[in-house]
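Report on the structure given below.
The values are calculated or read from the model by the stated rules, or taken from the named source; none is laboratory data. Keep in mind it's a predicted model, so treat the numbers as computed, not measured. With ideal geometry, Cβ positions are generated from the backbone for all residues, glycine too; neighbour counts draw on all protein chains shown. Just the protein is used for accessible areas: all its heavy atoms, side chains included, with ligands, DNA and RNA removed. Shrake-Rupley method; radii C 1.70, N 1.55, O 1.52, S 1.80 Å.
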Amino acid sequence: MILMKNFFSSTRNKMLTSSVKGAILQGLAPDGGLYVCEDLGNTTIDLQTLLELTYEEMAPIILSHLLPGFTKEELTTAVHHAYHDTFSSKEVTPVVSVGDDSLLELFHGPTSAFKDIALQMLPQLMSLSLKEEPNKKVMILTATSGDTGKAALCGFQDVDRTGILVFYPKDGTSKVQELQMVTQEGKNTGVCALYGNFDDAQSQVKSFFNSLSKKDFTSPDDVIFSSANSINIGRLAPQVVYYFYSYMQLVKQGKISLSDKVSFCVPTGNFGDILAGYYAKLLGLPVHKLVVASNANHILTDFFKTGVYDKRRPFHKTLSPSMDILISSNLERLLYYMSDKDDVYTGKLMKSLNEEGFYEITPELHNKLKELFYAGYSSDEDCQQAIKHVYDTYGYVMDPHTAVGYHVMKQYQQEESEYPCILLSTASPYKFSAQVYEAIEGMIPSNDEFELMELLSKKTGTTIPTNLAVLHNKSILHTDIVTKEQIKDYVLSKTEYLLR
Ligand SMILES: *Cc1c(COP(=O)(O)O)cnc(C)c1O
């Protein structure tokens, strides 16, 4: 094997480098860029060697190609802690057949959303990285559109030398998502509501990091402030594993032969999940198309169609709140790789987005993107119809995010059907019981989320995930809500308290 460079650099400046572990501790590069590995794709993974492996066996192999600063032993132990007995499915991410289609179920983790896969691993990677910084502690600050927050809280709960503070938009998450967060236990966890939508929450957390790096105020020097958002490479890397794993399941199910091409359809918000599919392709997975599925906030659909990324548009609240995003941060990494690792160009685009609210890529780059990506979107109505259609036809219950993906997958398959397509299913329907029940039955018979879970379970003969069923017995432990102006002081005082 060719040895990969043992460091990462910023998408906006190749000279700005960090060790792999350093990048995981920091999250964002100091210039606001995202950490990337220059050599990604120089080595590929021999598919044959993966065929008979379990998820737990496969993950360290894939991860060693993405995180060259960790030893194989470290990765194996981290994977074991992250996935052994923490998921309700032995397979971790099972692939199920729905009609002729394959759905990759990513929601069997402790919080019933796909983000568990990354956020069970990230704290492990951070702990290992902290060993090289014996006098430091990590404070995680994260903005969430709903699912990241709970998954991150759950992953970091009571992890040594770490604290976590999650900000969520007060009226931007589902009731269950909010309850999951505000009932979080653990002496190092904090949860706080913010006024505004997810993009507001994200940009407020980002601006805290900006003032921090500009040293606009003094912060404790034994604390590393970091993020659990998917801009952190330690969050992105674990997601690459299930692309390989699901591919191998299709081989085992006899649906494809080894080295046949498949497409993946991914319900997308911050572009993290689907970017992991692109990384899988760079590592040698035979990916035909990556299908970008959006909701009414279809900024990505427009971008892939026109080559212009324009955030100057209204924000819509939809039935798939975890995808209600107008700034898809991880797209920056794709632009970097697809522009032949042009850091200056990538930096220019991001500057234009920040200062003018849009950017336009070159026709050459746009054509390259179109070769690999197909993009489409679903309205709320499309989403509801997909849930109902799939339930009525196959008896399978999808959550609204997965349903957005399903609708777009069907559009894609009308244009191109020669390659099998795997749909990534990103949340349990029980996180969105009201929306799912309404889609299937045409009405919402109760205002009570837990009664609705019961009704959905009775109606469909499926089981409520335990972590959600027990929620209503839990006490509310977090009630803070702050304004933009208060964030900085709030973070600093909470940091002291949570890392005590
Ligand atoms: C976060 C999330 C998405 C979007 O994933 P990105 O990595 O942000 O593109 C889709 N579905 C669900 C349920 C999510 O929680």
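A29 meets the stated requirement of being crowded, with 16+ Cβ neighbours inside 10 Å and modelled with pLDDT under 95. When the range 408-436 is filtered for residues that are part of a helix (DSSP H, G or I) and either touching a Lys or Arg at 6+ places or on another chain (Cβ under 7 Å) or open to solvent by 50 Å² or more (accessible area, probe 1.4 Å) (or both), the ones remaining, listed by number, are K410, Q411, Q414, E415.
Filtered by the rule that a residue be out of contact with any Phe, Trp or Tyr (no Cβ under 6 Å at 6 or more places or on another chain) and more than 21 Å from V397 (Cβ to Cβ), the range 456-482 gives N473, K474, S475, I476, L477, H478, T479, D480, I481. When the range 362-371 is filtered for residues that are surrounded by 16 or more Cβ atoms within 10 Å (Cβ to Cβ) and out of contact with any helix residue (DSSP H, G or I) (no Cβ under 7 Å at 6 or more places or on another chain), only H366 remains.
Output yes when any residue across the range 478-500 is farther than 21 Å from G186 by Cα and within 16 Å of the ligand (Cβ to nearest atom), and no when none is. No: the range 478-500 contains no residue that is farther than 21 Å from G186 by Cα and within 16 Å of the ligand (Cβ to nearest atom).
Inside the range 292-320, residues that are open to solvent by 10 Å² or more (accessible area, probe 1.4 Å) and either out of contact with any strand residue (DSSP E or B) (no Cβ under 9 Å at 6 or more places or on another chain) or within 12 Å of the ligand (Cβ to nearest atom) (or both) make up a count of 7.
Of the helices (runs of 4 or more DSSP H) lying entirely inside the range 142-254, the ones with 1 or more residues being touching a His at 6+ places or on another chain (Cβ under 7 Å) and not charged (D, E, K, R) are found at 175-182. Scanning the range 445-487 for residues that are part of a helix (DSSP H, G or I), open to solvent by 80 Å² or more (accessible area, probe 1.4 Å) and either at pLDDT 95 or above or of a type in the set (K, R) (or both) gives E451, E454, K458, K459, T466, K484.
Of note, P134 does not satisfy the criterion of being free of Cβ contacts under 8 Å to residues at least 40 places away in the same chain and open to solvent by less than 10 Å² (accessible area, probe 1.4 Å). When the range 94-131 is limited to residues that are of a type in the set (V, I, T) and more than 16 Å from the ligand (Cβ to nearest atom), the one that is surrounded by the most Cβ atoms within 10 Å (Cβ to Cβ) turns out to be V95.
Given the criteria within 16 Å of the ligand (Cβ to nearest atom) and farther than 20 Å from R161 by Cα, does F217 qualify? In short, no.
Taking the listed residues K351, K370, K341, K317, the one that is among the basic types (K, R) and within 30 Å of K458 (Cβ to Cβ) is K317, with no other qualifying. Between residues in the range 217-244 that are within 20 Å of D489 (Cβ to Cβ) and touching a residue at least 60 places away in the same chain (Cβ under 8 Å) and residues that are away from the ligand (no atom under 12 Å from the Cβ) and of a type in the set (K, R), which pairs lie under 8 Å by C-beta distance while being six or more apart or on different chains? Once the first residue is within 20 Å of D489 (Cβ to Cβ) and touching a residue at least 60 places away in the same chain (Cβ under 8 Å) and sits in the range 217-244, its partners that are away from the ligand (no atom under 12 Å from the Cβ) and of a type in the set (K, R) give F217/K488; D222/K136; D222/K137; V223/K136; V223/K137; I224/K136; I224/K137. Each residue in the range 264-291 was checked for being over 27 Å from P68 (Cα atoms), crowded, with 23+ Cβ neighbours inside 10 Å and either more than 9 Å from the ligand (Cβ to nearest atom) or among the polar types (S, T, N, Q) (or both), and 3 of them qualify. Among the acidic types (D, E) and over 29 Å from Q157 (Cβ atoms): is that true of D85 in this structure? Here the answer is no, as D85 does not meet what is asked. Quick one: in the range 416-444, of everything that is farther than 19 Å from S320 by Cα and modelled with pLDDT under 95, which residue is nearest to the ligand (Cβ to nearest atom)? This residue is E416. For the range 331-361, filtered to residues that are of a type in the set (D, E) and assigned to a helix (DSSP H, G or I), the residue that is least open to solvent (accessible area, probe 1.4 Å) is E332.
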